[in-house]
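The values are calculated or read from the model by the stated rules, or taken from the named source; none is laboratory data. Bear in mind that the values here come from a model prediction, so they are computed numbers and not experimental data. Positions of Cβ are generated from backbone atoms using ideal geometry, with glycine treated the same way; all protein chains shown enter the neighbour counts.
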Amino acid sequence: MIDHWNEDSKSDPFWNKTKTVVMGPGTDASKNYKPILDFLVSWANENPSRRIILDAGAILPTVEFSDQWILTPHLGEYARLAPKQQEIHSNNILENGKLSAQVLNCNLLIKSSKQYFNDPQGNSWIWDYPNSKLATMGTGDLLTGIIALALNRNSKPKEAIYNSLCFLDLSRNMDLTSPTASEILEYLKVQ
């Protein structure tokens, strides 16, 4: 985990050892992440098997994305990411996401009570299995980590997202009514 960024960070041996990077859980939308994101663009461009997952505050609509990128905003974050000419309507998330993924040239997973996945080629899928146990702070970060693990094991973005959503949905079987993200993680570790 890199907790600060400077020119020396670019030469960290980590970059040659990994093929999946997650950025965003816990980031602050008011900070400037452009230098890191610019580096990630060049890092990803060096090897087509590398993947980057951007979550929450780290997402900037000015980055030159590619199909190596997966953006995972919830609806509020998505509204700031969407192309300016696009009016966001919650009843048309699928079409909005489809357009955004094409315009931004990236994979886009919009998190809501349903999950909406769109790829840069214009394909769209809906995960229509609302799970109230996942309506708690931190579960989006769990999902992001599970997707990263699947990508690191050579899954394509669509399969990584689908399998991660299936795995996270096992929390539906928990006895707790409103589990924390930590409780869900502990539960999933034994499944």
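Key figures
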item: Close pairs (7 angstrom Cβ cut-off, 6 or more residues apart or separate chains): of a type in the set (Gly, Ala, Ser) in the range 85-103, part of a loop (DSSP other than H, G, I, E, B) and at pLDDT below 85 anywhere; result: Ser100/Ala82; Ser100/Pro83; Ser100/Gln86
item: Entirely in the range 87-172, the helices (runs of 4 or more DSSP H) that have 3 or more residues that are at pLDDT below 90; result: 93-104, 139-152
item: Any chance Asp141 is loosely packed, with under 15 Cβ neighbours inside 10 Å and charged (D, E, K, R); result: no
item: Any hit, the range 122-145, residues being over 30 Å from Ser49 (Cβ atoms) and of a type in the set (A, V, I, L, M, F, W, C); result: yes
item: Restricting the range 160-182 to residues that are among the charged types (D, E, K, R) and touching a helix residue (DSSP H, G or I) at 6+ places or on another chain (Cβ under 9 Å), the residue that is surrounded by the fewest Cβ atoms within 10 Å (Cβ to Cβ); result: Arg172
item: Output for the range 8-67, where each listed residue is modelled with pLDDT under 80, among the hydrophobic types (A, V, I, L, M, F, W, C) and over 22 Å from Ile161 (Cβ atoms); result: Ala29
item: Which numbered condition Ile93 misses (of (1) over 26 Å from Val41 (Cβ atoms); (2) loosely packed, with under 13 Cβ neighbours inside 10 Å); result: (2)
item: Top-ranked residue of the range 144-178 - restricted to ones that are in contact (Cβ under 8 Å) with a residue 60 or more places away in the chain and touching an Asp or Glu at 6+ places or on another chain (Cβ under 9 Å), ranked as nearest to Pro120 (Cα to Cα); result: Pro157
item: Flag if Leu151 is within 26 Å of Ser66 (Cα to Cα) and of a type in the set (A, V, I, L, M, F, W, C); result: yes
